[in-house]
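Step one of this worksheet: look at the structure below.
The values are calculated or read from the model by the stated rules, or taken from the named source; none is laboratory data. These numbers come from a predicted model, not from an experiment. In this analysis, Cβ positions are derived from the backbone assuming ideal geometry, glycine residues included, and neighbour counts consider all displayed protein chains. Protein only, heavy atoms only, side chains kept; ligands, DNA and RNA dropped before computing areas. Shrake-Rupley method; radii C 1.70, N 1.55, O 1.52, S 1.80 Å.
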Amino acid sequence: MTRSDLVEELAARFSQLTHRDAEAAVKAILDAVGDALVKGHRIEIRGFGSFTVSHRPPRMGRNPRSGESVAIPEKRVPHFKPGKALREAVDARTPARDTDG
């Protein structure tokens, strides 16, 4: 689902919202989540999941083409952990996979 799909879904579910209002609402929510993560805050949406900022320490990697060592600097990365209700809903809707190999 893309951002525009989300706007369309919101406008379709709430007939009192114009397309422009739905677009503004989606933008406001995503901007608020992004701004909070940039500040290092944790966002928790009950029943959906939580967004946090994880710290990756510096490490040594390898250039796959030349094989030489490359220093990879530390970084902060966003992380999403789904809530129990979302995990269970996705699991219940996921078709069984063939496990024979």
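Where a Cα-Cα gap under 15 Å defines reach, which aspartates and glutamates qualify for residue 27, not counting those fewer than 8 residues away within the same chain?
By straight Cα distance, residue 27 reaches 5, 8, 9, 35.
Restricting to Cα pairs below 8 Å that are 6+ residues apart, what does the relative contact order work out to for the chain? Please round to a whole percent.
Values: 103 pairs, mean separation 19.1, N = 101.
Dividing the mean separation by the residue count of the chain yields 19 percent.
Please list, in order along the stretch 61-78, the HN-Hα scalar couplings obtained from phi with the Karplus expression 6.51 cos²θ - 1.76 cosθ + 1.60 (θ = phi - 60°), rounded to whole Hz, x for Gly and Pro.
Using θ = phi - 60°, the values come out as x, 10, 6, x, 7, 9, x, 7, 6, 10, 7, 9, x, 5, 7, 10, 10, x Hz.
Can you work out the Karplus-derived ³J(HN,Hα) for every residue in the stretch 32-39? Use 6.51 cos²θ - 1.76 cosθ + 1.60 with θ = phi - 60°, whole Hz, and x for glycine or proline.
5, 5, x, 5, 5, 5, 4, 7
What figure, in Å² to the nearest 10, do you get for the accessible area of residue 84 with a 1.4 Å probe and non-protein molecules left out?
130
Suppose each label sits 7 Å from its Cα in the direction of the beta carbon; what would the residue 2-residue 14 distance come out to in nanometres?
2.3
State, in angstrom, two size descriptors of the chain derived from its alpha carbons: Rg to one decimal place and Dmax to the nearest whole number.
19.7, 60
Would you please name the GluC sites (Glu not before Pro) within the stretch 28-80 that are DSSP coil residues with at most 15 other C-beta atoms within 10 Å of their C-beta? Could the numbers behind the result be given before it?
Numbers: sites: 44, 68, 74; in loops: 68, 74.
Loop-located and lightly packed - 68, 74.
Any idea what the dipole of the chain comes to, in debye rounded to 20, about its Cα centre with Lys/Arg Cβ at +1 and Asp/Glu Cβ at -1?
On the way: 18 positive and 14 negative charges, 103 e Å.
In total the dipole reaches around 500 debye.
Per the helix-only calculation at 222 nm, which mean residue ellipticity applies to the chain, given -39500 (n - 2.57) for every DSSP H run of n ≥ 4 and division by its residues, nearest 500 deg cm²/dmol?
Details: 3 runs with 41 residues, N = 101.
Mean residue ellipticity, 222 nm, calculated: -13000 deg cm²/dmol.
Please list, in chain and number order, the residues 5+ apart from residue 49 or on another chain whose amide H is under 5 Å from its amide H, with Hs placed from the backbone.
83
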